[in-house]
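This report concerns only the one structure given below.
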Amino acid sequence: MSLPACSSQTQNASGYKDAPAVEIHRFDKALLQWLESGDDAQKKVLTDDYYQMLDLTGKGILNVQTPEREDFFTKLSSYYSEPTLRGLYRDAVSNFENTDDMEKTLGKAFAFLKDVFPQSQIPALYMHVSGFNQNVLVGDSALSLSIDKYLGSEYPLYTEFFPDYDRRKMSREFAVVDYIAGWLMSEFPFSGKENVLLDQMIYYGKIYYIVSLALPEVSMADILGYTAEDWQWCVDNEKILWKNIITRKHLYTPDNTTTQKYFSNRPCTFLADKAPGNLGIWVGIQIVEKYIGETKASPSALMNAMPEAAQEFLSASKYRP
């Protein structure tokens, strides 16, 4: 992948209009072609051109360790033979027949990210279909997204199985957001205390702050899957939300069950009646933006701030809504 060298002083990806598009490798199409035809020549294409994706599919979706297993392709065919899944697969490939728009946007985003994180490796991008199983597959220099999760909020199968608050983010425009967020999480994995709310708030606040820099044409509300009303409610009630979090001792108490409620699409009505979901991310973004304003930290410095220093990060941000 060829990426232009640009100044690390660039504030976001808006300055990378001339960056080349990033190719999305269509493992999804190649696999469907074999599933529909059973052709040995197409099976060889899969093995020769997409071995890593077969391996990731086996481990992440089929619980089969390697394509070298004698029964690998039998299990692969069996998994995707279920009629509803096969129909979903065809619809997904049809919906993403052309990905030029995504490849151009990702080209600009990754050119920016490569500039601000020069030591990081930009992955080869793929698409797969998991049947609502493993949405992101990550391997050595490979990142794949399960495109059956982005067919539009009113897609019939979604309305049958998913609540409204989940379906908001199941549209094509969120795929690019998830590619960038997935890459950042693989490059900068969470290493704080998973059961402590503040640690996760700051981590995901960092991730989605960088996503917003890489995708400046996407509003932060859209990145989180918020309606305009959701976002405004959070702005209007920020002080009350923070007070409730502190009063209930949620910020520091190591309680995984409570902490995870802050990072679900399900509305956070346990905290306030009209609170939207993912409040942990929303508050985390506010803390990170205050931190950037106070410290002028670069994206690289931000992402490399020590995860065990969450309290110091909060103090340095001077976040006091």
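Quick note: the coordinates plus some simple rules give every number you see, no bench work behind them. No experiment lies behind these values; they were computed from the predicted model shown. Here the Cβ positions follow ideal geometry from the backbone for every residue, glycine too, while neighbour counts run over all protein chains shown.
Summary table below
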| item | result |
| --- | --- |
| Alpha carbon convex hull of segment 164-321, volume per residue in cubic angstrom | 109 Å³ |
| Furthest towards positive pole of dipole, Thr257, Ala310, Ile207, structure part the chain, Cβ charges | Ala310 |
| Quotient of Cα Rg and 2.2 N^0.38 Å for segment 50-187, N being how many residues it contains | 1.10 |
| Globularity ratio of segment 86-142, using Cα Rg and 2.2 N^0.38 Å | 1.37 |
| Rg to Rh quotient for segment 1-108, alpha carbon positions, Kirkwood Rh | 1.10 |
| Beta bridges by DSSP in the chain, antiparallel share as percent, to the nearest 5 | 35 percent |
| Radius of gyration and maximum dimension Dmax of segment 214-263, Cα, Å | 13.7, 37 |
| Alpha-carbon centroid distance for the pair segment 24-61 / segment 136-215, whole angstrom | 24 Å |
| Segment 115-194: equivalent-ellipsoid semi-axes (sqrt of 5 x gyration tensor eigenvalues, Cα, Å) | 27, 14, 12 |
| Å³ per residue enclosed by the Cα convex hull of the chain | 142 Å³ |
| Simple Cβ-charge dipole of the chain, Lys/Arg +1 and Asp/Glu -1, about Cα centre, in debye nearest 20 | 1080 debye |
| Centre separation in Å (Cα based) which lies between segment 80-96 and segment 223-299 | 36 Å |
| Normalised per residue, the volume of the convex hull around the Cα set of segment 244-321 (Å³) | 105 Å³ |
